[in-house]
Amino acid sequence: MIKPYSFLLGALFVVQSVFAQGDVKVVHNETAGQFGNEVSQADYETVKVLTITGTLNAYDFLYIRKFLLLDSLNLAGVSIDEFDGEVYHVSNFFFYAANEFPHAGLRNSPVKKVVLPSGITSIGKEAFKNAGLTGL
């Protein structure tokens, strides 16, 4: 027979394990280019584990890169739409193809682990330059 306190200790361990990772956030982004509207300044300063579903484009990665404590990014449930325009506030414009992980997408991000979308067909130049990656 399981003693009642054994169950409570087990449940406490699971809860403690989740919170030990830091804040966890799941965001469904319905419209590409709107990810910045789905998160708050507090999210950028606290979230360590981020899962995104829905649709993104290259512009959304400007906001993903703003997460200061990001350890893990799960994009398995994401599709990436094409984007034609300025993303990184430079004088030239780029065309970002659909299903391409964008140029400089996670450059300078602290993220350590990324789960890429299954539909990715290419990875842009410097997509992970100076990122804290330890695994994809």
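The values are calculated or read from the model by the stated rules, or taken from the named source; none is laboratory data. From a predicted model like this one, the values you see are computed outputs, not experimental measurements. Positions of Cβ are backbone-derived with ideal geometry, glycine not excepted, and every protein chain shown enters the neighbour counts. Surface areas here come from the heavy atoms of the whole protein model, side chains and all, with no ligands, DNA or RNA. Shrake-Rupley method; radii C 1.70, N 1.55, O 1.52, S 1.80 Å.
Residues in the range 45-62 that are within 17 Å of LYS113 (Cα to Cα) and open to solvent by less than 10 Å² (accessible area, probe 1.4 Å): VAL47, LEU50, ILE52, PHE61.
Output the residues belonging to the range 102-130 that are more than 22 Å from GLU86 (Cβ to Cβ) and part of a loop (DSSP other than H, G, I, E, B). Matches in the range 102-130: PRO110, VAL111, LYS112, LEU116, PRO117, SER118, GLY119, ILE120, THR121. Contact map, the range 64-82: residues that are open to solvent by 10 Å² or more (accessible area, probe 1.4 Å) paired with residues that are basic (Lys, Arg), Cβ distance under 6 Å, separation 6+ or inter-chain. Pairs shown: LEU69/LYS48; ASP71/LYS48; ASP71/LYS112; SER72/LYS113. Scanning the range 22-44 for residues that are part of a strand (DSSP E or B), touching a helix residue (DSSP H, G or I) at 6+ places or on another chain (Cβ under 9 Å) and either open to solvent by 20 Å² or more (accessible area, probe 1.4 Å) or not hydrophobic (A, V, I, L, M, F, W, C) (or both) yields a count of 5. Select from the range 66-91 the residues that are at pLDDT 95 or above, in a loop (DSSP other than H, G, I, E, B) and either under 15 Å from GLY105 (Cβ atoms) or out of contact with any Pro (no Cβ under 9 Å at 6 or more places or on another chain) (or both) and list them in ascending order. Within the range 66-91, LYS66, PHE67, LEU70, ASP81, GLU82 meet the criteria.
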